[in-house]
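Okay, so here's the structure we're looking at.
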Amino acid sequence: MIANTNTQLALSDLTVSFDGFKAVDGLNLSIEKDELRVIIGPNGAGKTTVLDLICGKTRPTRGSVKFNNRELVGLAEHEIVRAGVGRKFQTPSIYENLSVYENLEVSFPRGRSVFGCLSFTDTPDVTERIQRVAEEIYLKDHLEVEGAVLSHGQKQWLEIGMLLMQEPRLLMLDEPVAGMGPAEREQTAELLNRICKGRCILIIEHDMEFVSRIAHKVTVLHLGKILAEGSMEQVQNDPQVIEVYLGH
Amino acid sequence: MTTTTSNMIHKISKRAHVAAFALTSLVLAGTARAADYPTAAVNTTGLAITDTTVTVGQLHSATGTMAISETGSIEAERMAIDQINAAGGILGRQIKIVFEDGASDWPTFAEKAKKLLESDHVASVFGCWTSASRKAVLPVFEKDNGLLYYPTFYEGLEQSKNVYYTGQEATQQIIAGLNWIASQKKAQTFYLIGSDYIWPRTSNKIARKHIENVLKGKVVGEEYYALGTTEFGSLINKIKLKKPDVIYAIIVGGSNVSFYKQLKAAGITSDKWTVLTISVTEDEALGIGGENLVGFYSAMKYFQSLDNPNNRKFVEAFKAKYGEKSVIGDVTQAAYEGPWLWKMAVEKAGSFDVDKVVAASGGIEFNEAPEGYVRIHNENHHLWSKLRIGQWNADGQCKVLYESDLIEPNPFPKGYQ
Amino acid sequence: MWNGIGRSRRKHLVNNPTKTIPMSQYSASELWSIFIMQGFSGLSLFSVLLLMALGLAIIFGQMGVVNLAHGEFMALGAYVVYLCSEVVHNHFPALVPFYFIIAIVIAFFTAALVGLLVEWSLIRFLYRRPLDTLLATWGLSLIMQQTFRSVFGAREVTPALPEWLMGSFKPTDSIDIPINGVFVMGLTLCLTAAVWLFMYRSRIGLHMRATVQNRVMSGAVGINTQWVDRFTFCLGCGIAGVAGAAFTTIGSTGPDSGSRYIVDTFLVVVFGGTTSLMGTIASAFGIAQGQSISGFFLEGTMGKVAILLTIIIVLMIRPKGLFASKLRS
Amino acid sequence: MNTLYKRLLGGKSGLTNLVVLAVLLLLVLPLSLDIFRLNLVGKYLTFAFVALGLVLLWGKAGVLSLGQGVFFGLGGYCMAMFLKLEASDPVSTKIQSTPGIPDFMDWNQFTHLPAFWVPFRHLPFSLCAVIALPVLVAGVVGFAMFRRRVGGVYFAIITQALALLLSLGIDGNQGYTGGRNGITDLRTLWGWDIRSNSAQYTLYFATCALLIMLIMAGQWLLSGKMGKLLNAMRDREDRVRFSGYDVSAIKVFIFCLAAGLSGLGGALFVLQVGFISPSLVGIIPSIEMVIFAAVGGRSSLYGAVYGALVVNTAKSLFSESLPQLWLFLMGGLFIAVVVLFPNGLAGAWELGKRKAGPLLEKIKSRRRILLPDAPLVSAFEQEKS
């Protein structure tokens, strides 16, 4: 597929195999600017592996990942991040023994080199940004709280916030609402809809109800291949998908 | 005066070994003589000396890998000092020992030497075994102007005002031995083996020069192995290919055991091969096991089996003190000589001051030395001594086959560097 | 600068020509028998390394415990053999020719028993803290060494071996092969085979491997993981004990004999990739042969240095070892 | 200023710790010990430099190196080479067959100085090398390994192999390195006799001053973003990586830092003890250096210093009174510090304070006046802050 001007992320023929087992197999996928794409699929479909491949955690056996027409395959993780890709892990991974403020501060995209880090100081723009993000992720009253004591949902938000600090152009979230109550899901949905402006978001989610509320477009993955792609209802009515999900 | 004292000394040391009544009388004699030597007069440099006692230091490894080798020296020095005390001490003063453990670790040796000299102010120190430990303490002794009696046969290339070397330096131990083996075995080719540190390397250097320049022989191999090596397979294979007339071995410490064991396992035995070593004394033999040494030769200045009155007395006393099973090696005997040589020097000088003792030491003779007779060299602080060649029996003792004349110590041999 | 060094080295060599031995000075036939004999002397090292590494690999690979006291378990085995030989020689001289076999078995169980004690009193508190096990077991090794020293004395001991183990046989007159080496070799192969069968064909072995794969899950399906760990540790230590027994045939045993092998052994394990038995065997073989061959053409110490350097460099390029398989992270 | 005060002195509690340490090292010990013992303390403090490095590397960055002896040795040898060359001038070595080169070279039939020794005739070069060489080596090793995510046990074992490698290498090249004996009999530094008492006092105080300055630098480092980052890395390395940091670069930096500290310690060791030998480079010293940090509390800068002091003092005392027991004790120490007090002295101290806190609070008001800035009071200070 040729990347048209609007295409931000383009995966072509992406393949990876572990000891012969193909976890992702010849995947082609492209995501537009401002788009919020959700990947669904049964366990072992290779959803998480796709994210790993994009963010450089795993090296593909074959194929390419183009982000704004820049090849990501072969770059180191931190370089990919610096290219504007943010990734949230399945289990909320935040710095348990740093405060919310420090969590966000460490994620601020300045002083990333050793010496930058040594000379880094908390200038007003940093604090200002932290305040704004904290507000966005509903944690502005918890800035001094240690990460460890946050609720599961708040941790999820904090991790999203940490990504927002980096102002990524592509945001990848692995099960962002796992372990959240209805209220929190509500807020998360709002949050996601708010932040997909000006960037594209790639989400892995199981909860269909939640998916249908946020997804612009849905991709169904099965055994490392794309089974179906389209709007939520298209996908839901796709016989193959039903086959896979209900399983016979 | 000096002559009378030295005669006196001889009498004392002779009688020191015998009955108790004589002993007591001597102690009386000793105490009587303390008066002639007021502390203020015999000690002008603030050493740890009272009207009745003089403190000396003993610095050896009681722990760590060297402990096994140094135990003999510790015991011998203790015994000599006990005998001297029994005979009335030095200038009427009983000798007190401060023992420090060098723990087979050179920095520790330096630290302990400092302690002995700077906080215990000992009058002299008997100690060290490896060259490394001596090298580590040497600067300390020179800085604090201490006095060290060093018992081990060693590489030479050293001559410090503050050290007396009661063991043989390399040339004394090597040259006569090589001459003998060359003439006995018509040996032309030699294979030199050593542990990887200064003594074996320097000794082999001297051996090589002597073989090539004097004996007109050939060195077909020279090899060094880190202390503690237990794998000699490669070496043995090389030896077998080179088929040297003489295998000249200076393996030290635990490696010895593996080395001779593997020689035997590989069929290198005295019936077909000649092995001459300058690093195996009765002490090592105990660990190696006589059966692995049978028929090999050692070149030493002393063997426990030496047959002379002094040695018989010495061995008897030693076994009486440390048990029938205990063995006496070259270094042990050299260590035993240290305190006696110091005693004689002090009494000749009539003072404990290091400078005076050093000044008096040159030419001092020790007629009661178990090895027979030794004399301190007038300049270089080493001993005139003989070299003997012993052949090992299965019981871990040597049969002495050859005894050289008195050899002059020559720590900086010209033509051998 | 390098010229300078070159010059001084050349100068150095003039006086000390055997610093390194150029191949050229040997005839083809000599070289051939060199390789044969070096091969064999390498094999006896290989045996000890492999036996040590087996135990270590099992413990490290299976439990993630770094046992720096492993060498002392080897020394323990050696001392047991020594004791046996003393007892036999003094009381049952008739048994002398056979005692060695029995001694090996006793060595295994003694080491395993001590291993059990250690696991129960120390290791079990440290699971999943590998760096801490590393320090704690180092402390343990110090204590064991000093214990050996107080019990057996600082002097190295050496069991009197039965005659049939001594000597060597010569296929050709330039080649001869020490019998004890061959014996140890055989012993090693048997034990390795046994371990393999045990790990991959027995029920306990299955449990052990399951526990490695997924501790929680195995616990859930009713495997008593704590027991498995304890057993694993014992087995590893036991094998080290046998390594000690084998060691007595080539070297003498002192309080610190074990510690001399520990680093090499760890390198073998890491080099082979901690998870694969074949890898361990291969790397033990490679390292032993490398050391033995290089030990021939370089001078003793530097031969070892060369090998160490090679290993370290390879490990920097392939940190997970040569035989580790690519897994899904 | 305020932030500098906060970061350099580590706030109020940091300040009191600093004061206590300074008083102990610069007043209490010099006044209460004779020069011999003080010189020993000086020697112990040189190990504290290594321990300091290990606190950063192991305690903070979570990377355990069993090869710090390598860097200590490199630093020490660089210093020793300079001193040796100064000590072996043609006059004092005239007895040699080649005067003017170090004695051990003469024994190995060297007839001129190996080229890599020549630059060490110059003090400035040598002093730079003391830091630069260890840092360089650490840089190469660290880069190669952290790039490939080698960490934990693997890193520990490989660094341990390095220690073995270097000590063997030194042993095996006697002519160039002095071999097993090491480089001994060092006398003067630019004509200044380092063996004299006055010199030893000077060196002791210099060591203390350097140590204290470095501790302050360390506090500055840890109180800044680097501190948080290291904390974060220990906790969730992946997250840090996916926040756009080059984790390996940061680890290399810390490793180099630790190496530099060790090198400096080595140089100071040589100046105070007067020689260096492979027995300070190999596996055993390297792992003992780890225990200094562990006993002090693996993540406390001050702990490192106290750890080095306590363990070494214990070692000296025991080896003087009951040498046999020492190894048992040392071994026990390793086990105890790992199993029972993972946070070492620092941890115990914190615990003690929390336990004794209320009680102390009571006495405080009365005692306060009686003894100004003794350790007790500092405890109260920390209570408050």
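Checking A:T188 against (1) buried (at least 22 other Cβ atoms within 10 Å of the Cβ); (2) hydroxyl-bearing (S, T, Y); (3) under 14 Å from A:G41 (Cα atoms), which single condition isn't satisfied?
Result: A:T188 fails condition (3) only.
Residue by residue through region D:88-100, note down the ones that are touching a Ser or Thr at 6+ places or on another chain (Cβ under 7 Å) and either within 14 Å of chain B (Cβ to nearest Cβ) or not in a loop (DSSP other than H, G, I, E, B) (or both).
Answer for region D:88-100, where residues must be touching a Ser or Thr at 6+ places or on another chain (Cβ under 7 Å) and either within 14 Å of chain B (Cβ to nearest Cβ) or not in a loop (DSSP other than H, G, I, E, B) (or both): D:T98, D:P99.
Name the residues in region A:105-140 that are aliphatic (A, V, I, L, M) and within 17 Å of A:H78 (Cα to Cα), would you?
Across region A:105-140, the qualifying residues are A:V106, A:V114.
Within the set of pairs 6 or more residues apart or between chains, which connect a residue that is within 22 Å of B:F412 (Cα to Cα) inside region B:205-231 to a residue that is hydroxyl-bearing (S, T, Y) and outside any helix (DSSP H, G or I) with Cβ atoms less than 7 Å apart?
B:I206/B:Y416; B:A207/B:Y248; B:K209/B:Y416
For the structure I just gave you, tell me whether D:V135 is assigned to a helix (DSSP H, G or I), β-branched (V, I, T) and in contact (Cβ under 8 Å) with a residue 60 or more places away in the chain.
Against the criterion (assigned to a helix (DSSP H, G or I), β-branched (V, I, T) and in contact (Cβ under 8 Å) with a residue 60 or more places away in the chain), D:V135 qualifies.
Of the residues D:G152, D:G179, D:G142, which single one is within 30 Å of B:E223 (Cβ to Cβ) and either in contact with a His (Cβ under 6 Å, 6 or more places away or on another chain) or within 14 Å of chain C (Cβ to nearest Cβ) (or both)?
Exactly one of D:G152, D:G179, D:G142 is within 30 Å of B:E223 (Cβ to Cβ) and either in contact with a His (Cβ under 6 Å, 6 or more places away or on another chain) or within 14 Å of chain C (Cβ to nearest Cβ) (or both), namely D:G179.
So, of the residues in region B:236-259 that are within 7 Å of chain C (Cβ to nearest Cβ) and not basic (K, R), which turns out to be surrounded by the most Cβ atoms within 10 Å (Cβ to Cβ)?
Once the filter is applied, the top-ranked residue is B:G254.
Looking only at residues in region B:21-40 that are at pLDDT 75 or above and surrounded by 13 or more Cβ atoms within 10 Å (Cβ to Cβ), which one is nearest to the other protein chains (Cβ to nearest Cβ)?
It comes out as B:T39.
Among the residues in region A:80-89, are any outside any strand (DSSP E or B), touching a Lys or Arg at 6+ places or on another chain (Cβ under 7 Å) and either in contact (Cβ under 8 Å) with a residue 24 or more places away in the chain or more than 8 Å from chain D (Cβ to nearest Cβ) (or both)?
Yes: one or more hits.
Quick one: which residue in C:G290, C:G258, C:G272, C:G254 is over 15 Å from C:L189 (Cα atoms), more than 13 Å from chain B (Cβ to nearest Cβ) and touching a residue at least 12 places away in the same chain (Cβ under 8 Å)?
So the residue among C:G290, C:G258, C:G272, C:G254 that is over 15 Å from C:L189 (Cα atoms), more than 13 Å from chain B (Cβ to nearest Cβ) and touching a residue at least 12 places away in the same chain (Cβ under 8 Å) is C:G272.
Could you tell me whether region C:46-54 includes any residue that is surrounded by 22 or more Cβ atoms within 10 Å (Cβ to Cβ), among the polar types (S, T, N, Q), more than 13 Å from chain B (Cβ to nearest Cβ) and part of a helix (DSSP H, G or I)?
There is no residue in region C:46-54 that is surrounded by 22 or more Cβ atoms within 10 Å (Cβ to Cβ), among the polar types (S, T, N, Q), more than 13 Å from chain B (Cβ to nearest Cβ) and part of a helix (DSSP H, G or I).
Out of curiosity, is B:S326 away from every other protein chain (no Cβ under 14 Å) and hydroxyl-bearing (S, T, Y)?
So B:S326 fails the test.
Among the residues of region C:127-149, how many are part of a helix (DSSP H, G or I) and more than 7 Å from every other protein chain (Cβ to nearest Cβ)?
7
Would you be able to tell me the number of residues in region A:3-32 that are free of Cβ contacts under 8 Å to residues at least 40 places away in the same chain and more than 14 Å from A:G63 (Cα to Cα)?
Qualifying residue count, region A:3-32: 8.
Assess whether A:D25 counts as being more than 9 Å from chain D (Cβ to nearest Cβ), farther than 24 Å from A:F210 by Cα, out of contact with any Ser or Thr (no Cβ under 6 Å at 6 or more places or on another chain) and not hydrophobic (A, V, I, L, M, F, W, C).
So A:D25 fails the test.
Of the residues D:F110, D:F82, D:F125, which single one is of a type in the set (F, W, Y), more than 10 Å from chain C (Cβ to nearest Cβ) and either surrounded by fewer than 21 Cβ atoms within 10 Å (Cβ to Cβ) or within 24 Å of B:D196 (Cβ to Cβ) (or both)?
D:F125
Need a quick list: helices (runs of 4 or more DSSP H) entirely within region B:130-218 having at least 2 residues that are within 12 Å of chain D (Cβ to nearest Cβ) and buried (at least 20 other Cβ atoms within 10 Å of the Cβ).
B:131-143, B:198-209
Quick one: D:L317 ticks every box in (1) in contact with a helix residue (DSSP H, G or I) (Cβ under 8 Å, 6 or more places away or on another chain); (2) in a helix (DSSP H, G or I) bar one, so which box is it?
Looking at each condition in turn, D:L317 falls short on (1).
Among the residues of region B:343-353, is there at least one that is surrounded by fewer than 24 Cβ atoms within 10 Å (Cβ to Cβ), in the same structural domain as B:A48 (by TED's automatic domain parsing), at pLDDT below 95 and farther than 29 Å from B:E379 by Cβ?
no
The values are calculated or read from the model by the stated rules, or taken from the named source; none is laboratory data. Source: prediction; values computed, not measured. Note that each Cβ is placed from the backbone with ideal geometry, even for glycine, and that neighbours are counted across all protein chains shown.
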